[in-house]
Amino acid sequence: MPVDQTRVVLYHAKGCHLCERALRVLHVIRQEIPFDLEEVEIDGEAELEARYREWLPVVEIDGERAFVYYVDPAAFRRKLAAQT
């Protein structure tokens, strides 16, 4: 029976340099530690814009907000480890 992987969601927007940096961090760590990654672009989505725009990038781990503005690689690894 397959084990469910931790679900990570990155909320981002076009032209957001912090978002691009966060995505690179997630991709590097994903090569070491498997997790499901969903990328959600908030541009043009009024509800998502209202909820996330001022905090971008926003990273959620299994539905809980884990990071805003910056993803610290060591802290991200610790949070992933805590989910398993």
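Computed values, structure above
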read-out	value
Solvent accessible area, Å² - Asp72, 1.4 Å probe, full protein context	60 Å²
Degrees between helix 17-32 axis and first principal axis of the chain (Cα, 0 to 90, nearest 10)	10 degrees
Residue-level accessible surface for Arg78, protein heavy atoms, 1.4 Å, Å²	150 Å²
Under-5 Å amide H pairs with Leu37, H placed in peptide plane, nonlocal only	Val8
The chain: antiparallel DSSP beta bridges as a percent of all, rounded to 5	55 percent
Cα-based helix-to-principal-axis angle, 73-83 vs the chain, degrees rounded to 10	60 degrees
Residues whose placed amide H lies under 5 Å from that of Phe67, excluding near-sequence neighbours	Val59
Simple Cβ-charge dipole of the chain, Lys/Arg +1 and Asp/Glu -1, about Cα centre, in debye nearest 20	400 debye
Solvent exposure of the chain as accessible area per residue, Å², 1.4 Å probe	65 Å²
Positive-end residue of Val25, Val58, Gly15, charge dipole of the chain with Cβ unit charges	Val25
Cβ-derived FRET efficiency at R0 25 Å, Glu20 paired with Glu47, nearest 0.05	0.60
Accessible carbon and sulfur surface of the chain relative to its total accessible area, %, 1.4 Å	51 percent
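The values are calculated or read from the model by the stated rules, or taken from the named source; none is laboratory data. All values reported here derive from a predicted model rather than from experimental measurement. Note that we place each Cβ from the backbone using ideal geometry, even for glycine, and neighbour counts take in every protein chain shown. Please note that ligands, DNA and RNA were not included when accessible areas were found on the heavy atoms of the full protein model with its side chains. Shrake-Rupley method; radii C 1.70, N 1.55, O 1.52, S 1.80 Å.
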